[in-house]
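Input: one structure, supplied below.
The values are calculated or read from the model by the stated rules, or taken from the named source; none is laboratory data. Keep in mind that this is a model prediction, so the values were computed, not measured. Note: ideal-geometry Cβ built from the backbone for every residue, glycine included; neighbour counts use all protein chains shown. Side chains included, ligands, DNA and RNA excluded: accessible areas come from the protein's heavy atoms. Shrake-Rupley method; radii C 1.70, N 1.55, O 1.52, S 1.80 Å.
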Amino acid sequence: MTVVWDGARVVELARRLRGAETGDWSRAALRAVAEGLGWRWQDSAGGPRLVGDAAAGVEARLRPVGGFEKDFVYGGAEFVGLSVPVALPGDDAAGKAGAFRVVAEALTEEFGPAPIMGAYGDLGPFYDSAPLWGSPFLRWRGPANTVELQAGEHGPELLLQPTEPVENWFWRQGHGEPFALGGFFGTRRDPANAGLGQPGGWSTDDWDIFARALGEFLRTLPAETHALGIELDLGFHARVPGTYGPVLFHLSCGERLEIVYDTEELAGEITDPASYGWIPHTDRPCVLDHWIETPYHSGDFGIGEVDGSHLARMLVDTLRGLGVASPRDLSLSDHAQRVGDYHVDFYGLTLQENP
C-alpha cells in the first residue's frame, strides 16, 4: 500500500480542511483556500486542480456546480466539493478497504467517532456512480461545511463539502421510487447531527426488483463493513404461510459475509434447501458466529469474493418456494438497525425493523 501521507499528515490535512474559510464556495473563495493550503490552482477540462508537493503526490480537485449539482445548491456557489486522495493502495478491493480503515482510525482518534457513517450503494451525492470496490464513508458534519472520508475509485479520499447541498440531495431521494437510495446510513446521538433530516426509504412488491437491490447490497458489503470497522448482525423475518413470521435467515458480515438459513421453525414440507444452493452444516460447518440454528448456510465470502446476484437469487428463490407472497412480507430483526452507537437505515435492503 502506497500512502500519500502518514496518519499524522492526514489528520493535519483534515484539521486544516475543517478550519478552511470557504465563504460562499465561489471561485474567489476557493482560490483563497488553495493559497492558504499552499496549493497552486490549475484550470483543466475536468475542472480546477489544486497541486501541492508533486513529489509527495499531493493533488486535490474541485467539483464545479454543473447540471446534476445545480438543483441542490443555493446562492452563488460555484463548487460543491474539494477532494484529496490520501492513499493509493493498488487495484484490489481488499487493499482499498484496508487503506480506508487505516485512515479512518487515525481520523477517529483525532476527532472522535464520526457523527454519520455508512455506504452509499449504487449512487452517491449528485447521482455519482459508486466505486466498484465499495462506497463506505465517514462524515464529520459541521453547520456550514462537512469533512468526509469517502471511497474513491482508487482508494480513500478526504472531501470538504458544503453541508447543505449534499444533505439536500439525500433528502430529496426519499420519493419512494425503486433504487432511489442504496447502501446504508447510520447516525449517532451527537450534537453535530442537530437538524439532520433523513429521507424515507423505498420498498417493492416485485421479487425481481428486490433481488437486484439485495444483490447490489451484498456484492460490496465485506469491503464496506471492514473499511468502516463495523459488523452487521441482521435477522430476516418472513411471513411464511402457516407460521408467525419467524427469523429464517441471519446475515453476519465484518471482513467476511455469511448467511445461514434456519428451517427448524417451518411448518409442513419444504423444498430441499440444497436444491437452491444452501450448504448443509453437516457437510461443511459455518465459519462465522450466528444466533439462530444453522442447519444450512451460504458459505463464507471475503472482500471481492461475493457474487451478490447469486446470493440474492438463492434467498429469493427460497422465499418464493416457501410461499412468501411479496418482499413486503419481509422485515429485519428488532435489533438489526443498532450497529454499535449508530442507528442504521438499510436503504439498499428496502426493509425496516420487525414491528
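Leaving out ligands, DNA and RNA but keeping every protein chain, what accessible area does Arg256 have, in Å² rounded to the nearest 10, with a 1.4 Å probe?
80
Can you give the charge dipole size of the chain about its Cα centre, rounded to the nearest 20 debye, using +1 on the beta carbon of Lys and Arg and -1 on the beta carbon of Asp and Glu?
It comes to approximately 1180 debye.
Taking all protein chains in place and a 1.4 Å probe, what share, in percent, of the accessible surface of the stretch 207-353 do carbon and sulfur account for?
Result for the stretch 207-353: 44 percent of the exposed heavy-atom area is carbon or sulfur.
Dipole magnitude of the stretch 153-291 about its Cα centre, charges +1 at Lys/Arg Cβ and -1 at Asp/Glu Cβ only, in debye to the nearest 20?
Details: 8 positive and 22 negative charges, 63 e Å.
It works out to roughly 300 debye.
For a Förster distance of 25 Å, can you work out the FRET efficiency between the beta-carbons of Val287 and Glu153, rounded to the nearest 0.05?
Once rounded, the FRET efficiency stands at 0.25.
Charges at C-beta only: +1 for Lys and Arg, -1 for Asp and Glu. How large is the resulting dipole of the stretch 3-193 about its Cα centre, in Debye rounded to 20?
That gives a dipole near 280 debye.
Follow-up. How do Glu78, Glu164, Glu148 stack up against each other in accessible area, from largest to smallest, with a 1.4 angstrom probe?
Solvent-accessible surface, decreasing: Glu164, Glu78, Glu148.
Running a GNM on the chain with Cα contacts under 10 Å, which residue among Gly121, Gly229, Gly66 ends up with the highest mean-square fluctuation?
The residue with the greatest mean-square fluctuation here is Gly66.
Could you work out the relative contact order of the chain? I mean the mean sequence separation of Cα pairs under 8 Å and 6+ apart, divided by the number of residues, in percent.
Result for the chain is 16 percent.
If you average the sequence gap of Cα pairs under 8 Å that are 6 or more apart and divide by the length of the stretch 207-353, what percent do you get for the contact order?
33
Given the options His290, Leu160, Val260, identify the residue whose Cα lies farthest towards the positive end of the charge dipole of the chain (+1 on Cβ of Lys, Arg; -1 on Cβ of Asp, Glu).
Comparing the listed Cα positions along the dipole, Leu160 ranks first.
Once you put a point 7 Å from the Cα of Asp24 and another 7 Å from the Cα of Ala274, both along the Cβ direction, what distance in nm separates them?
Those two pseudo-labels are separated by 7.1 nm.
Something else: Please work out how much accessible surface Thr350 shows to a 1.4 Å probe, ignoring ligands, DNA and RNA, in Å² rounded to 10.
It works out to around 20 Å².
For the stretch 207-353, how big is Rg over Rh, using alpha carbon atoms and the Kirkwood form of Rh?
Reported Rg/Rh, Kirkwood definition of Rh: 0.93.
Can you send over the solvent-accessible area of Tyr296, 1.4 Å probe, protein chains only, in Å² to the nearest 10?
Answer for Tyr296: close to 50 Å² accessible.
A follow-up question, please. Using helices alone, what [θ] at 222 nm do you get for the chain, with -39,500 (n - 2.57) per DSSP H run of 4 or more residues, divided over all residues and rounded to the nearest 500? Please list the in-between numbers first.
Working: 7 runs with 85 residues, N = 355.
That comes out to -7500 deg cm²/dmol.
Here is a further query. Can you give the FRET efficiency for Asp91 and Ser129, using 1/(1 + (r/R0)^6), R0 = 22 Å, r = Cβ-Cβ distance, to the nearest 0.05?
Details: r = 18 Å, r/R0 = 0.81.
For R0 = 22 Å, the calculated efficiency reads 0.80.
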